[in-house]
Amino acid sequence: MKDLLRLENVTMQFGGVVAVNNLSMHVGEGEIVALIGPNGAGKTTAFNCITGVYEPSNGVISYDGKAIIRNHPTGRMRKIYAGQESGKYADEKILNPTPDEITKLGIARTFQNIRLFRSMTVFENVLTAMHVRAKENVFSAVLRLSWREEKSMAEDAEKLLEEQGLLSHRDDLATSLPYGLQRRLEIARALATRPHLLLLDEPAAGMNPQETQELSAFIRQIKERYDLTVLMIEHHMDLVMGISDRIYVLDFGSLIAEGTPDEVQNNQRVIDAYLGVAEDV
Amino acid sequence: MDRAKRNHLIRIFIAIAVVYLAILVLEFTLRPTNILFTVLRKGAIYSLVAVSMNLLNGFTGLFSLGQAGFMLLGAYTYAIFTMPVSVKESERVYKYYECIVGFDTGAFIGLIAAGLVAAFFAFLIGLPVLRLKSDYLAIATLGFAEILRAIFQWDVLGPLTNGANLLREYKDLTRITLPFTDIPFPPTLFVFIVVGICILLIVLLINSSYGRAFKAIRDDETAAEAMGINLFRHKELSFVISSFFAGVSGALLAAFQYTVQAQQFKSMMTYEILLIVVIGGIGSISGSCIASFLYIALSEWWLRGLDMGRFLGIDAPDLFRSGFRRLVFSVIIMIIVLFFSKGIMGDKELSFERMKGFVKGIGRKKGVSK
């Protein structure tokens with residue numbers, strides 16, 4: 001299986017805090033991979049590194065075989081750097097694209113705390129995400145010379161809404177939707193950027209067991225339909241164990257385990273991380 | 001396009017055509033010195049600059065206060081471009097300097113050039129400034145406008161800007177003719193046509209894919225960026241376009257006033273425009289237009305009696321003295337900001353349905369009081 005996403009020695013240090021420590025992982029094409037760990041383990045930080053929100057302090061992230069993000073400690077970070085492998089990438093060129101460039105490559109994400117465009121309708125939210133693939137420039141857009149493209153964008157958006165079962169809410173304000181649908185809309189909006197790799201940050205947060213089950217079917221379904229690779233952060237173990245091909249476990253920024261759901265469930269370090277270690281009295 | 005939408009568009013076009021026709025009729029029936037024309041012209045010019053500010057502040061969420069600076073650039077560019085060479089060479093305007101501009105153009109090219117110069121400066125200023133956020137951006141753009149005003153009065157630039165002196169005898173509203181003829185263009189209609197085209201372009205922009213990208217940036221920068229919208233490029237685009245139209249409105253203001261002086265484009269002017277945007281509703285184009293006509297009508301016309309000793313038939317020369325108008329005006333503004341904090345229109349647009357609802361609402365209230 002080809003690796004779609006690959007992280008090598010990724011370290012993210014904020015001042016003296018090492019939020020992600022020397023993380024190496026890979027996501028194969030067509031896989032559903034989960035990243036789990038107790039609160040504060042650095043999962044979302046890892047996501048933010050992949051999507052270009054943060055510049056990692058050290059390490060390489062490659063997508064589809066090509067390095068897209070690369071950094072090594074420089075300046076002040078060189079003195080205070082507390083991670084490992086600080087010299088490994090020192091001779092290579094630093095790459096740090098902005099989040100929109102990452103999205104253009106085909107990586108889309110959702111957010112832990114839903115971030116929809118508040119003033120827009122459901123339809124407009126999806127349509128806005130299609131802007132990234134539009135070829136029109138500002139003049140042709142204003143003078144309506146590219147009305148054909150606008151029309152096909154609107155049709156695509158409508159089709160996407162229909163597939164996600166949101167068409168009946170087309171003209172509702174995005175924030176007026178019930179919570180579960182807002183999550184679904186956020187995923188639909190991410191899909192509108194035509195990604196190959198979908199990053200889901202706690203898609204089941206705040207959902208009841210029933211909704212969680214629906215979500216798990218939903219993720220499988222969009223994976224098949226849009227030929228996606230999925231990397232997700234999740235706390236709901238039913239969801240994670242049910243649909244993941246592989247699982248990575250983070251604790252205090254470091255990887256403590258990886259493997260299939262069964263392997264991870266029976267890993268003593270994982271159990272310790274979640275439940276704590278019994279002390280002898 | 002479905003039928004309801006098409007009907008809606010047709011109705012809007014008819015409404016706009018009626019307005020333009022009414023102006024044409026007024027121009028041929030009323031005396032040209034009528035105060036109504038002043039209000040209409042200045043109101044239209046302020047509409048354009050208010051809408052351009054709304055594009056930036058209301059739709060892209062960039063709080064910029066550089067409007068007066070870009071209007072200044074537009075006004076000067078227009079005046080210098082359209083002033084005939086014979087006037088430039090004579091002593092009438094450039095009294096203390098030798099004018100170095102050896103050409104003149106028509107009003108139309110002058111307007112476009114005014115917009116382009118303002119847009120070019122906006123592009124340069126935007127490069128460093130648009131990396132700032134909220135209040136800091138406002139301070140930086142305000143500072144820029146003030147610096148510009150000072151630079152334009154600098155005597156080293158005298159051969160270009162005539163220093164701190166007036167510019168006049170360029171193509172003001174009375175000198176604009178119909179293309180290829182000597183027939184004077186009806187001045188108010190001219191202002192309305194230029195403003196109308198500009199606002200139409202802004203509306204088309206806001207309703208395009210780029211407009212949605214701007215709104216996305218306003219709503220949530222992080223999410224917009226994650227959806228592949230390049231923040232800096234889109235902010236810069238919005239800033240440049242907004243400044244282009246501010247430049248055009250500055251040029252129109254120059255044409256309306258017959259004279260231009262850098263002194264006039266103080267930060268007070270930006271605040272006036274900001275006030276119009278806030279009163280009209282941040283994020284509403286029609287709100288900005290309505291508010292600007294109201295504002296100009298109040299300050300130039302309806303409240304004028306407060307300064308002249310006689311207001312609403314009441315003679316009180318001791319109370320209604322020069323300056324009293326400003327006091328009353330300030331109170332009105334305070335009331336509006338306190339009780340209508342979302343402005344006249346909020347972030348909605350004027351539509352026939354809303355007007356119908358409004359009229360019905362008035363009828364119902366009357367019915368109850370009976």
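The values are calculated or read from the model by the stated rules, or taken from the named source; none is laboratory data. Fair warning: this is a prediction, and the values are worked out from it, not measured in the lab. Quick reminder, even Gly has a Cβ in these numbers, built from the backbone with ideal geometry, and neighbours come from all protein chains shown. To get the accessible areas, we keep the full protein, side chains included, count just its heavy atoms, and leave off ligands, DNA and RNA. Shrake-Rupley method; radii C 1.70, N 1.55, O 1.52, S 1.80 Å.
Counts of other chain beta carbons within 10 angstrom of each beta carbon in peptide A:191-200 average 1. When both bridge partners sit in the protein assembly as shown, DSSP labels roughly 65% of those beta bridges antiparallel. Enclosing the Cα atoms of region A:53-183 in their convex hull gives a volume equal to 179 cubic angstrom per residue.
In this structure chain B gives 49 Å² per residue of accessible area when probed at 1.4 Å with all protein chains present. Note on chain B: the alpha carbon radius of gyration divided by the globular reference 2.2 N^0.38 Å gives 1.04. Packing, taken as the mean count of other beta carbons within 10 Å per residue, orders the peptides B:138-149, B:323-334 from highest to lowest as B:138-149, B:323-334. Looking at chain A, the pairs of alpha carbons with a distance over 29 Å make up 38% of the total.
Top mean-square fluctuation among B:P186, B:P84, B:P128, Gaussian network model of chain B, C-alpha springs under 10 Å? Per the Cα network of chain B with a 10 Å cutoff, B:P128 tops the list. For region B:200-210, the Karplus equation 6.51 cos²θ - 1.76 cosθ + 1.60, evaluated at θ = phi - 60°, returns couplings of 4, 4, 5, 4, 4, 4, 5, 8, 9, 4, 5 Hz by residue, with Gly and Pro reported as x.
Here the calculated FRET efficiency for A:K88 and A:D64, from their Cβ-Cβ distance with R0 = 25 Å, stands at 0.70, rounded to the nearest 0.05. Just which residues of region B:199-233 lose 40 Å² or more accessible area with every protein chain there, against their chain alone, with the probe set to 1.4 Å? When all protein chains are present, B:L204, B:S209, B:Y210, B:R212, B:D219, B:D220, B:T222, B:A223, B:E225, B:A226, B:M227, B:G228 each give up 40 Å² or more of accessible surface.
Each of A:R78 and B:T177 was given a label point 7 Å from its Cα along the Cα-to-Cβ line. The distance between the two points is 7.1 nm. Beta bridges per DSSP, both residues in chain A: antiparallel share near 60 percent. Take region B:282-342, drop everything but the C-alpha atoms, weight them equally and run the Debye formula without solvent; then report log10 I(q)/I(0) at 0.28 Å⁻¹ to two decimals. After summing over all Cα pairs, the log10 values are -1.13. The distance between label points at B:V328 and B:S90 comes to 4.2 nm (points 7 Å beyond Cα on the Cα→Cβ vector). Only alpha carbons enter this Debye calculation for region B:260-315, each as an equal point scatterer, and the log10 of I(q)/I(0) it gives at q = 0.20, 0.27 Å⁻¹ is -0.81, -0.96. For the chain pair A and B, the interface hides roughly 2500 square angstrom of accessible area in total, found with a 1.4 Å probe. Would you work out which of B:T82, B:L116, A:I36 lies farthest towards the positive end of the dipole of the protein assembly as shown? Charges go on Cβ: Lys and Arg +1, Asp and Glu -1. Of the listed residues, the answer is B:T82. For B:K133, the aspartates and glutamates whose Cα comes closer than 15 Å to its Cα, not counting residues fewer than 8 places off in the same chain, are B:D219, B:D220, B:E221, B:E236. Please build a GNM for chain B, connecting alpha carbons under 10 Å apart, and tell me which residue among B:I176, B:I100, B:I151 fluctuates the most. Ranking B:I176, B:I100, B:I151 by mean-square fluctuation puts B:I100 first.
D by Stokes-Einstein for the protein assembly as shown, Kirkwood Rh over Cα pairs, 20 °C, 1.002 mPa s: 75 µm²/s. Share of carbon and sulfur in the accessible area of region B:141-228 stands at 69%, probe radius 1.4 Å. The coefficient of translational diffusion for region A:115-194, derived via Stokes-Einstein from the alpha carbon Kirkwood radius under 10 °C and 1.306 mPa s, stands at 124 µm²/s.
Please give the FRET efficiency for B:V18 paired with B:D347, using the beta carbon to beta carbon distance and R0 = 25 Å, rounded to the nearest 0.05. E between B:V18 and B:D347, to the nearest 0.05, is 0.40. Rounded to two decimals, the Cα-based Rg/Rh of region A:148-281, with Kirkwood Rh, is 1.08.
Each listed q (0.23, 0.25 Å⁻¹) maps to a log10 I(q)/I(0) for region B:34-91 from the Debye sum over equal C-alpha point scatterers, namely -0.94, -0.99. Inter-chain neighbour count for A:131-144: the average number of beta-carbon atoms from partner chains within 10 Å of each residue's beta-carbon is 5. Ordering B:S134, B:S286, B:S238 by accessible surface, largest first, gives B:S134, B:S286, B:S238; the 1.4 Å probe counts only protein heavy atoms, with every chain in place.
For a distance above 19 Å, tell me the whole-number percent of Cα pairs in region A:59-116 that qualify. Result: 45 percent of Cα pairs exceed 19 Å. Per-residue Karplus couplings for region A:197-205, computed as 6.51 cos²θ - 1.76 cosθ + 1.60 with θ equal to phi - 60°, are listed in order as 10, 10, 9, 10, 9, 6, x, 9, 4 Hz, Gly and Pro entered as x.
The Cα center of region A:174-190 and the Cα center of region A:71-114 differ in position by 30 Å. Shown here is the pair-distance distribution of region B:1-101: with all Cα-Cα distances grouped in 5 Å bins from zero up to the longest one, the shares run 2, 9, 10, 11, 12, 15, 17, 11, 6, 2, 2, 1, 0 percent.
Positive end of the charge dipole of the protein assembly as shown (Lys, Arg +1 and Asp, Glu -1 on Cβ, about the Cα centre): tell me which of A:S254, A:V132, B:F256 has its Cα farthest that way. Checking the options against the dipole of the protein assembly as shown, the answer is B:F256. Distance from the C-alpha centroid of region A:218-260 to that of region B:43-66: 47 Å, rounded to the whole angstrom. Rounded to the nearest 10 square angstrom, B:R233 shows an accessible area of 140 square angstrom against a 1.4 Å probe. Checking the cross-link pairs A:K223/B:K235; A:K151/B:K5; B:K215/B:K360; B:K5/B:K342; B:K42/B:K266 against a 24 Å limit on the alpha carbon distance flags A:K223/B:K235; B:K215/B:K360; B:K5/B:K342 as lying beyond it. Candidate cross-link partners of A:K93 among the lysines, defined by an alpha-carbon separation under 27 Å and a same-chain spacing of 8 or more, comprise A:K2, A:K43, A:K66, A:K79, A:K104. Rolling a 1.4 Å probe across the protein heavy atoms gives region A:115-194 an accessible surface of 46 Å² per residue.
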